[in-house]
Amino acid sequence: MKRSLSGIQSSGVLHIGNYFGAIKQFVDHQNSGEYECFYFVADYHSLTTLPPPAEVRENTYNIILDWLACGLDPEKSVIYIQSDIPEHTELTWILSCVTPMGLLERSHSYKDKIAKNILPNAGLFNYPVLMACDILIYDSDVVPVGKDQKQHMEITRDIAMKFNQQYNVEFFKLPEGLILDDVAVVPGIDGQKMSKSYGNTINMFASAKELKKQIMSIVTDSTPLEEPKNPENNISALYKLVASVEKQKALRDKFLAGNFGYGDAKKELLSAMLEYFGEAREKREALARNMDYVRDVLREGGKKARAIAVKKVAEAKEIVGLTGNMYKYFE
Ligand code: ADP
Ligand code: TRP
């Protein structure tokens, strides 16, 4: 069976853009029966921007809760935290030695940071090597990611090829990035791409009050209440994601008829959103009261992932000429 693997950085609270752009695909892969699935929180990656420690931990647990609430099932997917598998960082060193500086210097995300005058640290520079390890250590076949990760996937393949060539082995499998560009970009409350970094998000697990506030802040034009309105607007773009086709048509007709304000439409969006995520919201609340269960899930996931990682790294050590004695004690 093919192996599907992906990670999300623990750098903030997940929003409906992340849900429709990523998590939903993870759940679909898991339930398709076609893949063996590995999903993890990339907490080491989030350290590259030096966030407050309490925030990193809180975001990490929150993402796991979000995933479980949205339908990732520990019986079907291996769910774990990157930093629980020390072999990821161990392999990063080995692979950084076959990675040409130029490959990393060409990284868009690194160049963007420099362009923004952010003083780059070595972690930021090496970010793609760690990501390559996350993927290669499990012999992953496909990696579902957003468009912005396309170059990181190319770098991953380049690093795998470099290693294989350098040591004349076929050791690392070349993974395919499953770029989700057929997934429409979910717009934020200001109409731009929804993103944690733009402060324009709608968070499916926010309190009902906060969710209402976010939805009521969606930017609209100033067409007066009584006049007909363009049915293609920021509200309907989001409504499409969460309402049935009939409901979408009904909303469209109301916009065209006039005497229907954007405020009314936002209320309909709020209730559709609460309905769509209702079950997940309840599940998340129950899970949050049962952190022991969540920690068990992570422990089990970590164990399964680590068993694979330990073996792969021991083999890599042997290939490059390290003695690898320690591995023998684990057998
Ligand atoms: P953010 O832009 O909020 O920081 P990330 O870059 O951490 O989000 O993205 C995590 C995943 O969610 C990626 O696979 C990305 O493609 C997807 N994603 C993020 N924002 C959107 C959006 N507005 N529409 C669709 N997918 C998105
Ligand atoms: N760089 C990815 C992002 O920002 C997160 C990530 C880290 C990842 N390691 C990965 C994604 C391995 C897929 C596979 O979204």
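The values are calculated or read from the model by the stated rules, or taken from the named source; none is laboratory data. Please read all numbers here as calculations on a predicted model, not as lab measurements. Positions of Cβ are backbone-derived with ideal geometry, glycine not excepted, and every protein chain shown enters the neighbour counts. Just the protein is used for accessible areas: all its heavy atoms, side chains included, with ligands, DNA and RNA removed. Shrake-Rupley method; radii C 1.70, N 1.55, O 1.52, S 1.80 Å.
Taking the condition of being touching a residue at least 60 places away in the same chain (Cβ under 8 Å) and either of a type in the set (Lys, Arg) or open to solvent by less than 40 Å² (accessible area, probe 1.4 Å) (or both), how many residues in segment 137-158 meet it? Give the steps one after another, and end with the answer.
Filtering segment 137-158 for residues touching a residue at least 60 places away in the same chain (Cβ under 8 Å) gives 137-146.
Now drop any that are not either of a type in the set (Lys, Arg) or open to solvent by less than 40 Å² (accessible area, probe 1.4 Å) (or both), which leaves 137-138, 140-146.
Here the count works out to 9.
Would you say GLN25 is modelled with pLDDT under 95 and out of contact with any helix residue (DSSP H, G or I) (no Cβ under 6 Å at 6 or more places or on another chain)? Even if it seems obvious, please write down each step before you answer.
Details: modelled with pLDDT under 95: yes; out of contact with any helix residue (DSSP H, G or I) (no Cβ under 6 Å at 6 or more places or on another chain): yes.
Against the criterion (modelled with pLDDT under 95 and out of contact with any helix residue (DSSP H, G or I) (no Cβ under 6 Å at 6 or more places or on another chain)), GLN25 qualifies.
Quick test for you: out of GLN165, GLN214, GLN192, pick the one residue that is outside the structural domain of ARG106 (by TED's automatic domain parsing), open to solvent by 40 Å² or more (accessible area, probe 1.4 Å) and not charged (D, E, K, R). Every option except GLN192 fails the conditions.
Scoring LEU256 on the criteria (1) open to solvent by less than 40 Å² (accessible area, probe 1.4 Å); (2) part of a helix (DSSP H, G or I); (3) of a type in the set (A, V, I, L, M) leaves a single failure, condition (1). Is it the case that segment 145-160 has a residue that's in contact with a His (Cβ under 9 Å, 6 or more places away or on another chain), of a type in the set (Val, Ile, Thr) and in the same structural domain as LYS312 (by TED's automatic domain parsing)? Yes.
Can you pull out the residues in segment 108-138 that are away from ligand 1 (no atom under 16 Å from the Cβ), in a helix (DSSP H, G or I) and touching a Leu at 6+ places or on another chain (Cβ under 8 Å)?
Answer for segment 108-138, where residues must be away from ligand 1 (no atom under 16 Å from the Cβ), in a helix (DSSP H, G or I) and touching a Leu at 6+ places or on another chain (Cβ under 8 Å): GLY123, PHE125, ASN126, VAL129, ALA132, CYS133, LEU136.
Scan segment 172-188 and tell me whether some residue there is out of contact with any helix residue (DSSP H, G or I) (no Cβ under 9 Å at 6 or more places or on another chain), closer than 23 Å to TRP93 by Cα and more than 15 Å from ligand 1 (Cβ to nearest atom). Can you show your working first?
Going through segment 172-188, the residues out of contact with any helix residue (DSSP H, G or I) (no Cβ under 9 Å at 6 or more places or on another chain) turn out to be 182.
Now drop any that are not closer than 23 Å to TRP93 by Cα, which leaves none.
Checked segment 172-188: no residue is out of contact with any helix residue (DSSP H, G or I) (no Cβ under 9 Å at 6 or more places or on another chain), closer than 23 Å to TRP93 by Cα and more than 15 Å from ligand 1 (Cβ to nearest atom).
SER197 meets the conditions (1) open to solvent by 10 Å² or more (accessible area, probe 1.4 Å); (2) within 28 Å of LEU65 (Cβ to Cβ); (3) more than 12 Å from ligand 2 (Cβ to nearest atom) in every case but one. The failed one is (3). All told, ASP66 meets the bar of being more than 30 Å from LYS317 (Cβ to Cβ), in the same structural domain as ILE155 (by TED's automatic domain parsing), under 20 Å from the mean Cα position of the chain (by Cα) and assigned to a helix (DSSP H, G or I).
Once segment 19-36 is narrowed to residues that are of a type outside the set (Ser, Thr, Tyr), open to solvent by 30 Å² or more (accessible area, probe 1.4 Å) and assigned to a helix (DSSP H, G or I), the residue that is farthest from TYR127 (Cα to Cα) is ASN31. Scanning segment 44-77 for residues that are open to solvent by 20 Å² or more (accessible area, probe 1.4 Å) and touching a strand residue (DSSP E or B) at 6+ places or on another chain (Cβ under 8 Å) yields one hit, LYS76.
Tell me whether segment 27-34 contains one or more residues that are under 11 Å from the mean Cα position of the chain (by Cα) and either within 15 Å of ligand 2 (Cβ to nearest atom) or closer than 24 Å to GLU285 by Cβ (or both). Spell out how you get there, then give the answer.
Going residue by residue through segment 27-34, those that are under 11 Å from the mean Cα position of the chain (by Cα) are none.
So far as segment 27-34 goes, no, none of its residues is under 11 Å from the mean Cα position of the chain (by Cα) and either within 15 Å of ligand 2 (Cβ to nearest atom) or closer than 24 Å to GLU285 by Cβ (or both).
Among the residues of segment 78-96, the one identified as over 15 Å from VAL310 (Cβ atoms), open to solvent by 10 Å² or more (accessible area, probe 1.4 Å), in contact (Cβ under 8 Å) with a residue 40 or more places away in the chain and of a type in the set (A, V, I, L, M, F, W, C) is ILE81. All of TYR39, TYR44 fail the test of being in a strand (DSSP E or B) and within 16 Å of ligand 1 (Cβ to nearest atom), apart from TYR39.
Would you confirm whether any residue within segment 165-184 is assigned to a helix (DSSP H, G or I) and touching a residue at least 12 places away in the same chain (Cβ under 8 Å)? Taking every residue of segment 165-184 in turn, at least one turns out to be assigned to a helix (DSSP H, G or I) and touching a residue at least 12 places away in the same chain (Cβ under 8 Å).
Take the conditions assigned by TED's automatic domain parsing to the domain that holds TYR138, modelled with pLDDT under 95 and within 15 Å of ligand 2 (Cβ to nearest atom) and apply them to THR49. Does it pass? Lay out the reasoning, then the answer.
Working: assigned by TED's automatic domain parsing to the domain that holds TYR138: yes; modelled with pLDDT under 95: yes; within 15 Å of ligand 2 (Cβ to nearest atom): yes.
Yes: the conditions hold for THR49.
The set of residues in segment 291-308 that are over 29 Å from LEU241 (Cβ atoms) and out of contact with any Phe, Trp or Tyr (no Cβ under 7 Å at 6 or more places or on another chain) comprises MET291, ASP292, TYR293, ARG295, ASP296, ARG299, GLU300, LYS303, LYS304, ARG306, ALA307.
Scan segment 1-18 for residues that are in a helix (DSSP H, G or I) and among the aliphatic types (A, V, I, L, M) and the total you get is 1.
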